[in-house]
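For reference, the structure discussed in these notes is given below.
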Amino acid sequence: MATLGRGALVLALGIAIYALVIGAAGAIRRDRRLIASARNATYALLAVVLVADAVFLGAILRHDFSFTVVSETSSRTLPFGYLITSFWASQAGSLLLWVTVLAASAALVQRTNRRSNGELMPWVTAILGGISTFFCTLLVVAASPFETQVAPPDGAGLNTSLQNPYMVAHPPSLYLGYVSLAIPFAFCMAALLAGRTDARWIVSTRRWTLVSWTFLGIGMLLGAHWAYVEVGWGGFWAWDPVENAALMPWLVATAFLHSVMVQEKKGMLKVWNVVLVSVAFALSIFGTFLTRSGLLSSIHAFVSSNVGFWFVGFIAVILIGPTILIIWRLPLLRTEHRMESLISREATFLFNNLLFVGLAFAVLWGVMYPVISKNLLGDEVTVTTPFFEFFAVAFGLPLLALMGIGPAIAWRRASLRSLRATFGIPFAVATACGVLLVLLGYGTSPAGVVAYSLCVFVTIAIGIEFARGASARRALSGVSWPRALGELIARNRRRYGGYIAHLSIVLLVIGIVGTMAYGTQHEQTLRPGDVLAIRDYRLTFTAVRQESGANFNERAAVFTVTRGGEKLGTIAPANRFYPIAGSPDPQRSNEAAIRTDWARGEDLFLILDSVRKDGSVTVKVLINPLVNVLWLGALVFVLGATIAAWPDRREARRIARRYAEEPLAGEA
Amino acid sequence: VGVVLLVALAFAVVVAVAMPLLREPTAGDRIAPIDDAARARLQLREDRDEALAALGDLEFDRRTGKIGDQDHAELATPLRARVAAALAALESEPAPPGEPTAVDQPTSDAAITRE
C-alpha cells in the first residue's frame, strides 16, 4: 500500500501544479473550459489526498511498522485515540494533515463560489494550487509519510507529552486556523491580479477569516490547557517559540478582522488590509515552519529536519509577491474617503490595529532574535518570559481599554458630551474597583490592578451596549426584553458576536492576571507524615503509590488536603514511565494533580518532582487564583465567534444583488 | 493491488480534469470582461450600500444615545446625498436584463431602520 500512498502524493503534486498553471491560464485567457478544468483539478486534489490519508491511517491502525513514520510515532500498546493522534505527531504526518485541510478548504471554496466571483475564482484556484504545490513538493521530496523499512516487531510509541486528550484536537485546530488563512490570502491576491480592489474579496472571505481566527484561538486555548494539565510546570503559556508562532498570526488576523470593517464602511485602509492578510498568512506559514524546522529549541519541536530552507523560500515568495502586486495596483488601492475624527469607532480600530501589529512584531522579534544573534553576531542568547510579558502588558492594557471604548463610541464622529454620557458610569465603577483592589491588598501588582479595573470598564461598557441596543429594539417592535435581546443579536450577529468575543477576552485576562500576578508557589521535600503549608491549605504527605496503566507504569505521591481544619480529600501528583521498544530507558511524563475549587475559581496544583529511595518526595505546589475563569473564557470565546460567523441570509441576499452583474466562470 | 488502484485513480483524475477540455469550444467559452459601464454601476452600488449602511449605523447610534440629534443631522445629510446621487445615477441608465434595479434596495430611512 505504500506504493499507492507515494503514488497518490506524486499525483497530488501533479494536480496542484496543473491547478496553478491552468487556473492562471484560464484567468488570463478568460476561458471557461480552462477554468472548469482547473476547478475539477481542485476537487481531484482533495480526492487524491484523501486516498493518501486513508493509506497512512490504515497503516497506523494496522500497526504496519514497515512504514518508517508509523514505527516512529506509534506502538501496539497505544490506545486507539492516540493512534489517531499519531497521524500528525510526525513531520510528514502533520504536513499531510496540512495538505488535507488545504485541499478540503479549496474544494469548499470552489463549491460555495460556483455561482459567484467569476472574476476572482480562476486566480483563487491558481493561488491555492500554488500553495498546494509547495506542500505536496515537501511531502514528495523532503518528508514522505510513505518511506518503508524492514518492519520491527513494535513501534517506538508516541511522545508521552502528546498522550493527552487535548492533543487529539489541539494540532488539527491550529492547522485549521493556519491553513484557512490561505483562503483570504488567495482572494486578496486574486483581487489584486484581477484589478478588483473593491470590497468584493473582503466580503467573500469575511467568514473564512473569522473561522481561521476562531480555530487559531481554540487551538491556542486547547494547547494552553494541555500545557497546564500535562506538561507539569503549573502554567499554561510559556512564551515558547511555537506558542508564539500561533499567537502572531492570531494577533494580525484580529487586527484584520477590525480593519476590514473600516474598508467595508468607509472604503479606507485598502493597502493596509492587503498587507495584514499577507502578513497573517506569511506568519501562519512561519508558524508551521517553526514547528517543523527544528530551528528553535521548543517543547513543541518534536522533530527536526531539513525542510527549513523550503519554508524560508516559500515565506519569501509570500512576502515578495504581494509587495509587487501592491506596488502594481497602488493607483487602484487609493483611499476614497478620509477619517472624519480621531474620536470615532474607525479611529479606535486604527489604534487597535497599530497595537495588535506592534505586539505581533515584538513577539516576532523575541522569537527571532536568538537566531539572528547566533547566526549574525555569533552570540548565543535567549529571550525569556520577562521580555514578552513587558510587551504583553505594554500593548495589552491599551488594547483592553480599546475593547471597551470601540463598541461604545459612534462611527464617524463622537462629541465629548456623548463620550461623557457613554463612559461616565463604566469609568467611575472601574476607578472605584481599582481603589478597592488596592485597599484589599492587591496593589502588589499595579499592572494587575489596572488590568482588573479595565476588565470592569469593558464589561460595563459592553453591558450598556447590549442594554441600549435591546432598549432600542424594544422601542421599535414592542417585544419583551429577552426577545428584544435575542432579536438584537440575531439581526446583528457580527456586531454582538464580536462583543461577546470581547467579553471572553475579559474572562481570559481575569484568569491570566489572577495566575500570573497573584499566584503562589512553594517547593518542598517531605517524608511520609510531613506537612506542607501554603496559604490556608495544609498538605500531609502519606505515601508513594505504584500503579500500572495500559502502556505505562505510574508512581504517585499521595497527600491529604485540609483547609481551615476541614478535610478536602486526597490529591496524588504522579510520574508516568512509558516503556520504549529497544530502549532500556522509559519515557517519563509528569502528571500534575489539580484540585479545583469552583467557588473560589482557584486551583491547588501539585507537581511531583522526584521520589527518593528513602521514601521522601520533592513536590512543587502552586495556588492559581481565578485560573478557571480562563477556561470559562474559552467557552465564551467559541460562543461569540460562532455567533459572529453564523451565516446571515439577508446579508447574503444583499451581497448577491450588489454583485449580480459580475460575469460567472460557469460550469463548462 | 496498490499499483492497480493507483492507475485507476490516475485515470479517474485525468478524465475529471480533461472533461471540460474535450468538448467542442463555443463562442460562449470566453468570459467577457466587465465593461466600463458595468464597473461604474458596481461602484455606484457599492457606494450606495456603503452610504446606506453608514446611515443605518448613524440611526442606531442615535437611538442608543451615542450621538445627539444635531450630530446625527449633520452627519446624515451628506450620506443621504450620496445615496440619492448613487440611486439617481443607477436609475438613469437601464440595467441589463436580469440585473437588479436600484429600487430593489432599501432606499429610505424607514427601510434602513427595519433592516
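Observations on the model:
- The single residue among B:Ala110, B:Ala40, B:Ala12 that is at pLDDT 85 or above and not in a loop (DSSP other than H, G, I, E, B) turns out to be B:Ala12.
- Among residues of region B:25-43 that are acidic (Asp, Glu), those with a Cβ under 9 angstrom from a residue that is part of a helix (DSSP H, G or I), sequence gap 6+ or separate chain, pair up as B:Asp29/A:Arg32; B:Asp29/A:Arg33; B:Asp29/A:Leu34.
- Residue within region A:268-279 that is closer than 22 Å to A:Asn353 by Cβ, modelled with pLDDT of 85 or more and surrounded by fewer than 18 Cβ atoms within 10 Å (Cβ to Cβ) present: yes
- When region A:402-426 is filtered for residues that are open to solvent by less than 50 Å² (accessible area, probe 1.4 Å), modelled with pLDDT under 90 and among the aliphatic types (A, V, I, L, M), the ones remaining, listed by number, are A:Ala408, A:Ile409, A:Ala410, A:Ala414, A:Leu419.
- Condition broken by A:Arg653, with the remaining ones in (1) more than 31 Å from the chain's Cα centre (by Cα); (2) surrounded by fewer than 15 Cβ atoms within 10 Å (Cβ to Cβ); (3) over 30 Å from B:Ile31 (Cβ atoms) satisfied: (3)
- Any hit, region A:475-486, residues being within 14 Å of another protein chain (Cβ to nearest Cβ) and open to solvent by less than 60 Å² (accessible area, probe 1.4 Å): yes
- Failed condition for A:Asp31, given (1) open to solvent by 10 Å² or more (accessible area, probe 1.4 Å); (2) modelled with pLDDT under 95; (3) more than 14 Å from chain B (Cβ to nearest Cβ): (3)
- Residue in region A:352-359 that is within 24 Å of A:Lys266 (Cβ to Cβ), touching a Ser or Thr at 6+ places or on another chain (Cβ under 9 Å), touching a residue at least 40 places away in the same chain (Cβ under 8 Å) and surrounded by fewer than 18 Cβ atoms within 10 Å (Cβ to Cβ) present: no
- Answer from A:Val429, A:Val456, A:Val449 - the residue that is surrounded by fewer than 17 Cβ atoms within 10 Å (Cβ to Cβ) and among the β-branched types (Val, Ile, Thr): A:Val429
- Subset of region A:395-408 (residues that are of a type outside the set (Gly, Ala, Ser) and touching an Asp or Glu at 6+ places or on another chain (Cβ under 9 Å)): A:Pro407
- Of the criteria (1) open to solvent by less than 20 Å² (accessible area, probe 1.4 Å); (2) within 14 Å of chain B (Cβ to nearest Cβ), which one A:Leu20 fails: (1)
- Here A:Phe87 qualifies as crowded, with 22+ Cβ neighbours inside 10 Å, farther than 15 Å from A:Thr148 by Cα, more than 9 Å from every other protein chain (Cβ to nearest Cβ) and within 27 Å of the chain's Cα centre (by Cα).
- Considering (1) of a type outside the set (Phe, Trp, Tyr); (2) away from every other protein chain (no Cβ under 14 Å); (3) open to solvent by less than 30 Å² (accessible area, probe 1.4 Å), the lone condition that A:Val141 does not fulfil carries the number (3).
- Answer from A:Val231, A:Val252 - the residue that is under 26 Å from A:Val381 (Cβ atoms), more than 14 Å from every other protein chain (Cβ to nearest Cβ) and surrounded by 22 or more Cβ atoms within 10 Å (Cβ to Cβ): A:Val252
- Taking first residues from region A:545-574 that are within 20 Å of A:Gly232 (Cβ to Cβ) and in a loop (DSSP other than H, G, I, E, B) and partners that are open to solvent by 40 Å² or more (accessible area, probe 1.4 Å) and among the hydrophobic types (A, V, I, L, M, F, W, C), the Cβ contacts under 8 Å between residues at least 6 apart in sequence or on separate chains come to A:Phe552/A:Phe577.
- Within region A:106-131, being within 14 Å of another protein chain (Cβ to nearest Cβ) and either under 29 Å from the mean Cα position of the chain (by Cα) or of a type outside the set (D, E, K, R) (or both) holds for A:Ala107, A:Gln110, A:Ser116, A:Asn117, A:Gly118, A:Leu120, A:Met121, A:Pro122, A:Trp123, A:Thr125, A:Gly129.
- Selection within region A:51-84 - closer than 10 Å to A:Leu158 by Cα and open to solvent by less than 20 Å² (accessible area, probe 1.4 Å): A:Val70, A:Ser71, A:Thr73, A:Ser74, A:Ser75, A:Leu78, A:Leu83
Matching residues to (1) within 7 Å of chain A (Cβ to nearest Cβ); (2) open to solvent by 50 Å² or more (accessible area, probe 1.4 Å); (3) touching a His at 6+ places or on another chain (Cβ under 6 Å):
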residue	(1), (2), (3)
B:Thr26	no, yes, no
B:Ala32	yes, yes, no
B:Asp36	no, yes, no
B:Arg39	no, yes, no
B:Arg45	yes, no, no
B:Leu52	no, no, no
B:Arg63	yes, yes, no
B:Asp69	no, yes, no
B:Ala76	no, no, no
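- Residue match in region A:381-389 (condition: within 13 Å of chain B (Cβ to nearest Cβ), of a type in the set (Phe, Trp, Tyr), farther than 30 Å from B:Asp47 by Cβ and touching a residue at least 24 places away in the same chain (Cβ under 8 Å)): no
- Selection status of A:Ala394, in a helix (DSSP H, G or I) and surrounded by 14 or more Cβ atoms within 10 Å (Cβ to Cβ): yes
- Among the conditions (1) free of Cβ contacts under 8 Å to residues at least 12 places away in the same chain; (2) crowded, with 19+ Cβ neighbours inside 10 Å, A:Leu108 misses just one, which is (2).
- Meeting the requirement of 2 or more residues that are under 22 Å from A:Ala550 (Cα atoms), the helices (runs of 4 or more DSSP H) wholly within region A:1-90 are A:32-61, A:68-73, A:80-85.
- Residues of region A:104-157 that turn out to be under 26 Å from A:Ser90 (Cα atoms) and aliphatic (A, V, I, L, M), as a count: 14
- Residue check, A:Gly404 within 14 Å of chain B (Cβ to nearest Cβ) and closer than 30 Å to A:Ala245 by Cα: yes
- Taking residues in region A:163-177 that are in contact (Cβ under 8 Å) with a residue 24 or more places away in the chain, and partners anywhere that are hydroxyl-bearing (Ser, Thr, Tyr) and in a helix (DSSP H, G or I), the pairs with Cβ atoms closer than 7 Å and at least 6 places apart or on different chains are A:Gln163/A:Tyr82; A:Met167/A:Thr85; A:Val168/A:Thr85; A:Pro171/A:Ser94; A:Gly177/A:Ser212.
- Output for region A:596-623, where each listed residue is touching a strand residue (DSSP E or B) at 6+ places or on another chain (Cβ under 7 Å), surrounded by fewer than 17 Cβ atoms within 10 Å (Cβ to Cβ) and free of Cβ contacts under 8 Å to residues at least 60 places away in the same chain: A:Thr596, A:Ser610
- Residues within region A:543-570 that are at negative phi and open to solvent by 60 Å² or more (accessible area, probe 1.4 Å), tallied: 9
The values are calculated or read from the model by the stated rules, or taken from the named source; none is laboratory data. Treat the numbers as computed from the prediction; the structure is a model and nothing was measured. Heads up, the Cβs are rebuilt from the backbone with ideal geometry, glycines too, and the neighbour counts pull from every protein chain shown. Accessible surface areas use protein heavy atoms only, side chains included; no ligands, DNA or RNA. Shrake-Rupley method; radii C 1.70, N 1.55, O 1.52, S 1.80 Å.
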